[in-house]
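Notes follow the structure.
What follows draws every value from the coordinates through simple rules; no lab data is involved. Values in this document were obtained by computation on a predicted structure and should not be read as measured data. Note: ideal-geometry Cβ built from the backbone for every residue, glycine included; neighbour counts use all protein chains shown.
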Amino acid sequence: MSSSSFTPRPQQPATNSFKVFRGILVGSLTAIAFGLGGFRLVNDSGGSMGTVLFFFLPFVTGLATAIVTQGKELIFASLGIGAIACTAWLIFTGMEGWVCVLMSTPLIVFSLGIGALAGILVRQFLLSMGAKHLVLLLTIGVLPCFLIAAKKIEEPSRRTPRAETITNTLVTDAPRELVWNQLKTFDRIEGSKGLLMRIGLPVPVSCTMSGEGVGATRTCYFEEGHIEERVTEWDPPTSMKLEITEFDVPGRPWLSFQNASYELTIENGRTVLTRKTTIVSRLSPAWYWRPLEKIGVETEHEYLFEEVNKKIEGAK
């Protein structure tokens, strides 16, 4: 057989590579457009964040990406690239911090996946009907309208912030009067920083007090910003309650502090210090965020208790 009988084959690998590149590019741009554009559409000026942001927006983003991208591998690769790009933008522009991103990741990843699976089914249905033109219309025209409508529907439920009180205790052999004296001021707070503090949770560095008794002011300084407190109850060495009057610690508007208190009791000959902090949260769903908020506040409490123990040992 002569060599002239052979027919050159098309460059299939190169063609496939181009299709993969084009698919990921289109999918990634769609995910980024819906992620950042949707964030601006549903973001609340009052700082509240709810189900629409954490569930519906990533669901719609996954849905849109799957509609315009063919192939499960390309879809999820596009969503991964889009998620990284959106996260980087929100963090580097200061719109969100690492703590919020870390805590919200499970919700967002779950919703992106469900949206992608739904998008695959929608794409198959539309293509089986020969309705290719509906793909673009559905992605660009209809889904953003759904986001706006969902935000309007959710707004009434987000108008009332949620108050949560977190309580922790420290048990020590030190006399109650000695413990009381260590609570009023902290020249320097240097505890062991956990993961959340290392990635953005406020880190207290010192506390000062102006006067004593009801009406006195107590200022706690953080690595960035401070909290101003006013004494509303003063009963040494038993209890001290404080109202938060000023709060400028960098963070997100979805969380603020309302009040704090210290109570000292004697149980079985030992001093029990109870610290309570009441926060005001604008995050929902509460069933998801409440345990995470508790972890954050307890981290602050444990950091403070560590310093109290150091001061007690130094005062003995």
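Semi-axes of the equivalent ellipsoid of region 267-308 are 27, 11, 8 Å, computed as sqrt(5λ) over the eigenvalues of the C-alpha gyration tensor in descending order. Along each principal axis, taking the top coordinate minus the bottom one, the Cα set of region 11-158 gives 55, 32, 21 Å in descending order. Measure nothing fancy, just the Cα-based angle from helix 98-128's long axis to the longest principal axis of the chain, in degrees from 0 to 90, nearest 10. For 98-128 against the chain, the angle is about 20 degrees. Considering only Thr277, Trp287, Leu147, and ranking their Cα positions along the charge dipole of the chain that arises from unit charges at the beta-carbon of Lys, Arg, Asp and Glu, the one farthest toward the positive end is Leu147. Around the Cα centre of region 162-315, unit charges on the Cβ atoms of Lys, Arg, Asp and Glu (plus for the first two, minus for the last two) sum to a dipole of about 380 debye. Compute the angle between helix 12-42 and the longest alpha-carbon principal axis of the chain, please, reported from 0 to 90 degrees and rounded to the nearest 10. On a 0 to 90 degree scale, this one is about 40. The long axis of helix 286-315 is offset from the longest Cα principal axis of the chain by roughly 40 degrees. For region 162-315, the equivalent ellipsoid derived from the alpha-carbon gyration tensor has semi-axes of 24, 17, 16 Å in decreasing order. The base-10 log of I(q)/I(0) for region 20-102, evaluated at q = 0.14, 0.20, 0.25 Å⁻¹, reads -0.46, -0.87, -1.20 [Debye formula, identical scatterers on Cα atoms, solvent excluded]. The Cα atoms of the chain cover 102, 51, 35 Å along the three principal axes, with the biggest extent listed first. Rounded to the nearest 20 debye, the dipole size of the chain about its Cα centre is 1740 debye, using +1 on the Cβ of Lys and Arg and -1 on the Cβ of Asp and Glu.
For region 222-293, what is the Kirkwood hydrodynamic radius in Å, using each pair of distinct C-alpha atoms?
14.2 Å
Placing a label point 7 Å from the Cα of Thr245 along the Cα-to-Cβ direction, the residues of region 259-283 whose backbone N falls under 16 Å from that point are 259-260. Here the peptides 157-163, 235-241, 304-310 are ranked by packing, the mean other Cβ count within 10 Å, and the order with the highest first is 304-310, 235-241, 157-163.
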